[in-house]
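Working notes, structure below.
What follows is calculated from the coordinates using simple rules that are stated; it is not laboratory data. This structure is a prediction, so every number in the text was calculated from the model and none was measured. With ideal geometry, Cβ positions are generated from the backbone for all residues, glycine too; neighbour counts draw on all protein chains shown.
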Amino acid sequence: MPAKASPLAEKVPAPDREEVLALYRRMLLLRRFEEAAGRVYTEGRIGGFCHLYIGQEAIAVGVHAALDPARDFLVNGYRDHGHALAWGTEPERVMAELYGRASGVTKGKGGSMHMFDAARHNYGGYGIVGGQVPLAVGLAFAQRYRQADGVVVCLFGEAAVNNGSFHESLNMAALWKLPCIFLCENNRYGMGTAIERSSAVTEVWQRGSASAVRGELVDGMDVLAMRDAVARAAAECRPRDGRPVLLEARTYRFRGHSMADPATYRTREEVEQQKKRDPLNVLAEHARAAGLELPRGDLEALEAEVAKRVQAALEAADQAPDPAPEAIWQDVYASPADPALHREI
Ligand SMILES: Cc1ncc(C[n+]2csc(CCOP(=O)(O)OP(=O)(O)O)c2C)c(N)n1
Ligand SMILES: [Mg+2]
């Protein structure tokens, strides 16, 4: 069996103070941004679908800490606000996209599910479950074909791994030795369906074994474990003869699937139990254990700094113009003359 387990309590290198602060600040930004998005959604300022990332922040921030957005690539599903922020897109542009404004990261035409920032190597943002997985293989193929050394990280939920496209993609990536990290954010539920009710094999990290893709289980609530696992996977698949890796990050979403969720498929006790492993607290615990406890004053300063950043994003989105009516005809089809089409990826 090529897949190899790693225990959830993987030992990670001790962080230094600067790193703890940077990771905490980033996770806090994702958390407070999403709380604000949820709030203004209920006020009717955001329309359409909206899938919040609250509870899963350690994954996005750990991925970013291990990779280099200037050289590496990201492809995602629809629970994508947190990854866009972690990967460096300005909160103003993410919030404006949620509001459907012209200053949004996809000019207000994509909305919540389609955060896409090609300049930062973020290739979206897709609403079709599992649809992004073959796209990641294409991007990874381009890296090999052009003899570039970028790694592609492909994110998807545990409900995506029963799609044919997932298995076809892993086969091709393994066959062609592509630099791709397939990263499953296993939050246990696909809408209201628990993984045990939809998957014959619930150990997602083992699901690459048919294509000899090494699998690894990671604690998705622990940003340091995520950073470590993604860094190792990148080192494994980046070299010319490197092979793809499948990571399963066990996580939990603290909010509903989207903004309308009857929450009848799980108990309140289960949610409360999971919240005890809030990724912000898990990092604070690590810091304490390493003698790097964040003083209350520092935490309050971080809260104030992040609150200001989120407030500025809300105000900018509120004031930004809607897309012009004629913009509906723009960016629908690409022109062969469009230099963006010929961008080196
Ligand atoms: C091909 C396809 N089938 C069904 C849907 C409807 N749908 C939207 S989200 C979702 C659940 C996906 O769950 P998971 O992959 O675990 O991601 P999570 O929402 O938990 O992040 C489903 C079935 C879809 N968007 N695309
Ligand atoms: Mg899920």
- Compute the normalised compactness of region 15-107: alpha-carbon radius of gyration over 2.2 N^0.38 Å, N being the residue count. 1.10
- Tally Lys and Arg at +1 and Asp and Glu at -1 over the other residues with C-beta under 15 Å from the C-beta of GLN273: what net charge comes out? +4
- Message: How big is the dipole moment of region 84-227 about its Cα centre under a simple scheme where the beta carbon of each Lys and Arg is +1, that of each Asp and Glu is -1, and everything else is neutral? Debye, nearest 20, please.
- Response: 420 debye
- Item | In the chain, lysine pairs closer than 25 Å at Cα, eight or more apart or cross-chain | 4
- Quick one, what does Rg over Rh come out to for region 221-284 if you take C-alpha atoms and the Kirkwood Rh? 1.14
- Item | Whole-Å semi-axes of region 36-182's equivalent ellipsoid (Cα gyration tensor) | 27, 16, 13
- Message: Among 189-198, 48-57, 125-134, how do they line up by average Cβ neighbours within 10 Å per residue, starting with the highest?
- Response: 48-57, 125-134, 189-198
- If R0 is 51 Å, what FRET efficiency do you get for GLU326 and GLU303 from their C-beta distance, rounded to 0.05? 0.75
- For region 17-58 and region 241-312, compute the distance between their C-alpha centroids and round to whole Å. 10 Å
- Pair ALA334, GLU315: separation of 7 Å Cα→Cβ label points (nm): 3.8 nm
- Query: Ranked from highest to lowest mean number of other Cβ atoms within 10 Å per residue, what is the order of the peptides 265-275, 209-219?
  - Reply: 209-219, 265-275
- Note on the structure: In region 41-131, the trypsin sites (Lys or Arg not before Pro) that sit in a DSSP loop and have at most 13 other Cβ atoms within 10 Å of their own Cβ are ARG71
- the chain - Kirkwood radius from inverse mean 1/r over Cα pairs (Å): 20.5 Å
- Task: Could you work out, for region 210-334, what percent of all Cα-Cα pairs fall into each 5 Å distance bin, beginning at 0 Å and stopping at the bin that holds the largest distance?
- Result: 2, 7, 10, 10, 12, 14, 14, 14, 11, 5, 1, 0
- Item | Computed label-point distance, nm, for sites GLU269 and LEU175 using a 7 Å Cα→Cβ extension | 5.0 nm
- Task: When a/c is below 1.5 the answer is rounded, else prolate if a/b is larger than b/c, else oblate, so apply that to region 304-345 with a ≥ b ≥ c taken from the square roots of the Cα gyration tensor eigenvalues.
- Result: oblate
- Starting from the Cα gyration tensor of region 102-149, take the square roots of the eigenvalues, sort them a ≥ b ≥ c, and report rounded, prolate or oblate (rounded when a/c is under 1.5, otherwise prolate if a/b is larger than b/c, else oblate). oblate
- Query: Using only helices, what value at 222 nm comes out for the chain when you add -39,500 (n - 2.57) per DSSP H run of length 4 or more and divide by the total residues, to the nearest 500 deg cm²/dmol?
  - Reply: -12500 deg cm²/dmol
- Whole-number percent relative contact order across region 75-164, with pairs defined as alpha carbons under 8 Å at least 6 apart: 30 percent
- Note on the structure: In debye to the nearest 20, the charge dipole size for region 111-190, taken about the Cα centre with +1 at each Lys and Arg Cβ and -1 at each Asp and Glu Cβ, equals 180 debye
- Item | Packing rank of 314-326, 158-170, where each peptide gets the mean count of other beta carbons within 10 Å, highest leading | 158-170, 314-326
- Message: Tell me the relative contact order for region 136-288 as a rounded percent, counting alpha carbon contacts under 8 Å between residues six or more apart.
- Response: 26 percent
